[in-house]
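Structure first, then comments.
The values are calculated or read from the model by the stated rules, or taken from the named source; none is laboratory data. Since we're looking at a predicted model, the values are computed, not measured. Note that each Cβ is placed from the backbone with ideal geometry, even for glycine, and that neighbours are counted across all protein chains shown.
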Amino acid sequence: MAPVNVLMVGTGEYTTGWTGSGGSKSDKKVGVVGLTFFDLRRRGKVGDLSMVGVNGKKYPDIRKHLETNIKGVYNGLDVGFKSFPADDKIDPESYKTAIDALSPGDAITIFTPDTTHFDIALYAIERKIHVLITKPATKTLTDHYALLDAAAKHGVFVYIEHHKRYDPVYSDARAKAKTLGDFNYFYSYMSQPKSQLETFKAWAGKDSDISYYLNSHHVDINESMVPDWVPTQVTASGSRGCATDLGCVAGTEDTITLLTDWAKRDDRARVATGVYTASWTAPQKAGVHSNQYFHYMASQGEIRANQAKRGYDVTDDNVGAIAWYNPFYMRYAPDEDGNFGGQTGYGYVSFEKFVDACNRVNAGTATVEDFDKKGLPTLRNTVITTAILHAGRVSLDEKRTVKIVEKDGRLVLE
C-alpha cells in the first residue's frame, strides 16, 4: 500500500526554521517538521508532501532557506513540496483548499497558533484525514471532546505531538514511577528566552499563553505517569511586566504557575499536588534554549530529572558564551554517508510514531483504538492535560480556583 501523503499546516519556525525575517535564532535553525518529513519521504514512509500557510509570499524565501540549509547539507535531500496559497497570495482560509486537495487516509500536521487548532483539525477530520496537532490539542475541554466525537465518527487517527514522552529520560521515568507507590507531589519548570516573544509576537498574550505552550509538556508527562489519578482543581498565578515591556499586549503573563490538586480514582482520601511553572521571559544568554526539569515524589521513592544541562556543553568565540545543547531532541549532524542522521531524536521519533500509525490504520493492520491502548498521546489520552490547562486559564481570568469534575463520563470545569 502506498505510504501516507502529508500536508504540513503552518510554515513558521517549527516547520521550516524560517521566522519571516530570516532563519530562526533558536535551536531549531532548520526547523523540525519539514526536515523530519523530508527524511521520512527519503526512507519511503511518507508519499507526497505539501505545505500551507497564510502568506504565500514567504515561499520563495522558505524554499531558498531549505535548499541552502537542508538540501545543501544532507546529501541533496529532496526538499520539494506543493504549496498553498500561491506565491503571490495571502489567504487565511488556504488550509481548506490544501486539505481539499488530499484524499481520505492522507494526513496533516498542525503547527499554528493555538486558537486555530480546532477549526483546522475539524475540517480535516470531517474529510477523513488523519491529524497531528502540536500541543495543546485545543484550548478548551468542549473543543477537545468535539474533536474526539468527530474523530470517532469518521474513523481517523488524531495524535497530539507531546514529544517529551519520547525523551529517553522522561520515558524511563514514566516507567519507573509505576513502581514507586502512590503519587504524592510533582513539580516542574520549563522556560524559553525572551527572544521567543519576538517569534511569537503575532499571538503571544492575545490568543494563547505560556502555560498552554510549555506547561503542556510536563502536565502531560505527569498525567501519563499516574493513570489511576485525576485532577480535582486548579489555582493559577501569573507574573506580568517583562512581556509588556517587550511589546506584548497588556495582561500578557511572563510566567504562569498551576497549582493542581489530584485524587486517586478508587480512593479519594489519597490526594496529591502538582505544581507546573512555565516562562517565556528567561534570560537571553542562559546557555540553554529551554530550561526543563521536574521532581516527582511518591509514597515509596522519588525521581528528579534536569534535561537542560545534559553534561554536553560547547563554548564558541563567535557566540561569546557557553551553551548546553540538546541533540537528544533533534540531532542535526549528518550521518557517515552525509544523510540526515537524527532518526533517534525524540522530536523525530514523535512524528515517526504518527506516520507509522497512519500507515497501519490505512492498511487495516491496526485500529485507532489500538493506539489509545498503547498509551500514545492520542486525542483520547490527553483529555486531562487539556482540562488542567483550560482550568488554569479560567483561574487566571476569573481569579479563582477552578474545580474539575466528572459528569456523564466526561470532565467539566466548575
query = Looking at (1) modelled with pLDDT of 95 or more; (2) under 18 Å from the mean Cα position of the chain (by Cα); (3) surrounded by 24 or more Cβ atoms within 10 Å (Cβ to Cβ), can you tell me which one Ser171 breaks?
reply = (3)
query = If we scan the range 182-193, do we find a residue that is surrounded by fewer than 14 Cβ atoms within 10 Å (Cβ to Cβ) and assigned to a loop (DSSP other than H, G, I, E, B)?
reply = no
query = Is it the case that Thr385 is in contact with a Ser or Thr (Cβ under 7 Å, 6 or more places away or on another chain), touching a residue at least 60 places away in the same chain (Cβ under 8 Å) and among the hydroxyl-bearing types (Ser, Thr, Tyr)?
reply = yes
ask   = Could you list, in sequence order, the residues of the range 287-325 that are out of contact with any Phe, Trp or Tyr (no Cβ under 9 Å at 6 or more places or on another chain), at pLDDT below 95 and farther than 26 Å from Ser216 by Cα?
value = Thr315, Asp316, Asp317, Asn318, Val319, Gly320, Ala321, Ile322
key: Residues (acidic (Asp, Glu) and either touching a Pro at 6+ places or on another chain (Cβ under 8 Å) or not in a helix (DSSP H, G or I) (or both)) located in the range 224-268   = Asp228, Glu253, Asp254, Asp261, Asp266, Asp267
ask   = Going by the structure shown, is Asp207 at pLDDT below 95, surrounded by fewer than 17 Cβ atoms within 10 Å (Cβ to Cβ) and in contact with a helix residue (DSSP H, G or I) (Cβ under 6 Å, 6 or more places away or on another chain)?
value = yes
remark   = Only one of (1) of a type outside the set (Ser, Thr, Tyr); (2) in contact (Cβ under 8 Å) with a residue 40 or more places away in the chain; (3) surrounded by fewer than 16 Cβ atoms within 10 Å (Cβ to Cβ); (4) within 30 Å of Lys139 (Cβ to Cβ) does not apply to Asp114, and that is (3)
key: Among the residues listed as Asp172, Asp167, Asp182, the single one being free of Cβ contacts under 8 Å to residues at least 60 places away in the same chain, out of contact with any Cys (no Cβ under 9 Å at 6 or more places or on another chain) and among the acidic types (Asp, Glu)   = Asp172
